[in-house]
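**Q** Once you've had a glance at the structure underneath, I'll fire off some questions.
The values are calculated or read from the model by the stated rules, or taken from the named source; none is laboratory data. Note that this is a predicted model, so its numbers are computed, not measured. Cβ placement follows ideal geometry from the backbone for every residue including glycine, while neighbour counts extend to all protein chains displayed. For accessibility, only protein heavy atoms count, side chains too; no ligands or nucleic acids. Shrake-Rupley method; radii C 1.70, N 1.55, O 1.52, S 1.80 Å.
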Amino acid sequence: MSEIANETRWMDATEQARLVADGEVSAIELVDAAIERIEQLDGPLNAVNIRWFDDARSAAAGELSGPFAGVPTLLKDLWAHSEGHPMTNGNAALREAMPISDHDTELVARFRDAGLVTLGRTNSPELGSLPVTEPVAWGPSRNPWSTDHTPGGSSGGAAAAVASGMVPVANASDGGGSIRIPASCCGLVGLKPSAGRITMGPERDESGLSVHFAVSRSVRDSARLLDAVAGPGVGDNVIAPAPTRPYADEVGNDVPKLRIGLLDTHPLGQPLHADCIDAVRSAATMLDGLGHHVEPGFPDALSDASFSARFMAMWATNMALGIARLGDALGRELTADEVEPVNWVQAEYAARVSGVEYGAALGAVAQYRRTIQSWWADGWDLLLTPTLSEPPVRIGEHDAQPGDPLAGMRRAGAFVSFTPPFNASGQPAISLPLHWNDSGLPIGVQLVAAYGREDLLLNVAAQLEHAHPWAHRTPPA
């Protein structure tokens with residue numbers, strides 16, 4: 001690679017933006033460096049599935065402003081419209097048709113207003129339904145730390161691109177852990193904001209399970225980007241309380257002594273890999289050493305094994321709506337052979353769900369949300385958990401099996417136990433890269449704060465990053 005491509009490869013977005021602001025490099029030089037890295041690194045990783053390099057160069061040559069002026073980035077290939085560019089949502093029929101978006105999603109517009117220059121899209125599982133990134137349409141994305149393993153999902157392409165040094169920050173979304181899961185698998189910072197912190201406009205609903213944001217390599221990047229894109233949009237029906245000061249001011253600021261609950265077992269009594277136990281107990285020791293009070297404790301509702309079944313009507317209905325929206329993009333209904341079996345069978349189930357059953361699922365989520373959040377109201381500041389129940393799994397472990405289209409979903413249930421509850425509760429949560437196992441694979445830990453308290457998460461995350469830095473940890477060449 002060229003000198004500038006090598007020199008900027010492991011710089012975070014904040015430092016790259018400083019280079020442009022100080023006139024040390026131009027935006028077009030940064031963008032060309034990122035394009036060079038994508039072209040040289042992406043072959044075995046399959047992270048960047050759609051590219052618009054000429055448009056990116058034109059944007060970089062134009063007028064740019066904002067805190068990240070000139071910094072290259074990538075959009076997830078899932079519900080992130082960019083006017084004039086294709087989006088497939090991981091579906092083979094849309095890959096063949098390549099429908100062009102006629103508008104920007106509000107978050108995409110805010111990325112552009114912040115000065116970020118988008119180079120293309122990152123691979124995502126079809127409709128974001130699995131915690132690995134292996135769509136039939138585009139093939140599997142692979143983990144830069146070990147290409148036999150998944151980078152996670154559904155923002156797996158985004159995480160692989162950032163972890164390998166293609167770009168410093170990339171768009172991601174999280175409906176059941178899809179920011180935190182790939183951040184854990186790839187050794188990144190993965191902040192899931194509170195419901196209503198970032199508008200989902202113009203199409204999506206802030207009261208749902210999903211939030212959109214990014215994966216990054218540094219806490220300061222996540223904080224500064226959140227400052228740039230947070231806030232409601234027209235018609236939002238859930239709006240998180242505004243912070244008392246910029247999130248960037250939390251980085252390096254004094255941290256109060258916190259009461260932190262430690263969950264180092266599986267709340268449903270299922271297996272928890274020794275690497276994940278080591279990671280979370282090591283993080284507890286780190287926090288204790290920083291002056292915080294860490295003790296065993298977690299919300300009792302996490303042990304409610306009945307919740308997932310009551311929740312299924314809502315999840316499956318959302319999948320059916322997603323398939324319908326894919327059909328809208330094509331101008332016709334999709335057929336069973338145009339949708340992956342794991343998603344089609346959920347849509348079939350949703351077609352049998354009554355309005356009363358769907359309403360009961362919404363009610364179950366509301367009750368669960370209140371029960372979960374009451375733990376923080378009882379005097380706890382943070383909850384510390386593993387991000388995942390096991391290290392990154394091998395490619396193919398979530399494949400549908402003959403006669404069993406939901407095999408991947410059941411496998412997902414064992415892999416991702418600690419992230420979905422906080423989509424249901426709407427709380428902010430962050431995965432931090434504080435541990436690597438003996439095989440050299442990243443093992444993330446998760447911190448969860450009370451609703452609306454991204455400030456506290458970023459404050460203590462920056463404290464951990466300073467005391468136990470990870471910027472020197474990069475994947476093997």
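**Q** Kindly write out, for segment 312-317 in residue order, the coupling ³J(HN,Hα) from the Karplus curve 6.51 cos²θ - 1.76 cosθ + 1.60 (θ = phi - 60°), rounded to whole Hz, with x marking Gly and Pro.
**A** 4, 4, 6, 4, 5, 5
**Q** Check which residues have an amide H placed less than 5 Å from ALA170's amide H, if you skip close sequence neighbours.
**A** The list, which skips near neighbours in sequence, is VAL215.
**Q** Determine the relative contact order of segment 127-193: mean sequence separation of Cα pairs under 8 Å and six or more apart, normalised by residue count, in whole percent.
**A** 29
**Q** Taking every alpha carbon pair in segment 1-74, what does the distance histogram look like in 5 angstrom bins from 0, in percent?
**A** 3, 16, 29, 26, 18, 7, 2, 0
**Q** Provide the per-residue ³J(HN,Hα) series for segment 407-413, in order, calculated from phi with Karplus coefficients 6.51, -1.76, 1.60 and θ = phi - 60°, each as a whole number of Hz, with x at glycine and proline positions.
**A** Taking θ as phi minus 60°, the curve returns 4, x, 5, 5, 4, 4, x Hz for segment 407-413.
**Q** By average Cβ neighbour count within 10 Å, what is the ranking of 225-232, 199-206, 386-393 from highest down?
**A** Most protected by this proxy first, the peptides run 386-393, 225-232, 199-206.
**Q** Along the charge dipole of the chain, which of GLY70, GLY355, ILE4 sits closest to the positive end, that is, farthest toward it, with unit charges on the beta carbon of Lys, Arg, Asp and Glu (+1, +1, -1, -1)?
**A** GLY355
**Q** A further question follows. If you put +1 on each Lys and Arg Cβ and -1 on each Asp and Glu Cβ, how big is the dipole of the chain around its Cα centre, in Debye rounded to 20?
**A** Roughly 740 debye, rounded to the nearest 20.
**Q** Quick one: order SER141, SER2 from most to least accessible surface, probe 1.4 Å.
**A** SER2, SER141
**Q** Rounded to the nearest percent, how much of the accessible area of the chain (1.4 Å probe, protein heavy atoms only) is carbon and sulfur?
**A** Carbon plus sulfur share of accessible area: 51 percent.
**Q** Okay, next question. Please list, ordered by chain and number, the residues whose modelled amide H lies under 5 Å from the amide H of GLY120; skip anything fewer than 5 residues away on the same chain.
**A** Distant-sequence amide H within range of GLY120: TRP52, LEU75.
**Q** Over segment 255-398, what is the relative contact order in whole percent, taking alpha-carbon pairs under 8 Å and six or more residues apart?
**A** 42
**Q** Which order do peptides 245-255, 351-361 fall in by mean Cβ count within 10 Å, highest first?
**A** 245-255, 351-361
**Q** Taking all protein chains together and a probe of 1.4 Å, list LEU362, LEU334, LEU290 from the most accessible to the least accessible.
**A** LEU362, LEU290, LEU334
**Q** Suppose R0 equals 25 Å; then what is the FRET efficiency for VAL356 and HIS103 from their Cβ-Cβ distance, rounded to the nearest 0.05?
**A** 0.10
**Q** How big is the accessible area of HIS273 in square angstrom, nearest 10, if you roll a 1.4 angstrom probe over the protein chains?
**A** The accessible area of HIS273 comes to roughly 80 Å².
**Q** Using each residue's phi in segment 76-83, evaluate 6.51 cos²θ - 1.76 cosθ + 1.60 at θ = phi - 60° and report the 3J(HN,Hα) Karplus result to the nearest Hz, with x for Gly and Pro.
**A** 5, 7, 7, 6, 10, 5, 10, 3
**Q** Can you give me the relative contact order of the chain as a percent, contacts being Cα pairs under 8 Å and 6 or more apart?
**A** 17
**Q** While we're on this one: In cubic angstrom, how much convex hull volume per residue do the alpha carbon atoms of the chain span?
**A** Taking only Cα atoms, the chain has a hull volume of 135 Å³ per residue.
**Q** At 222 nm, what helix-only mean residue ellipticity would the chain give, in deg cm²/dmol to the nearest 500, using -39500 (n - 2.57) for each DSSP H run of four or more?
**A** -11500 deg cm²/dmol
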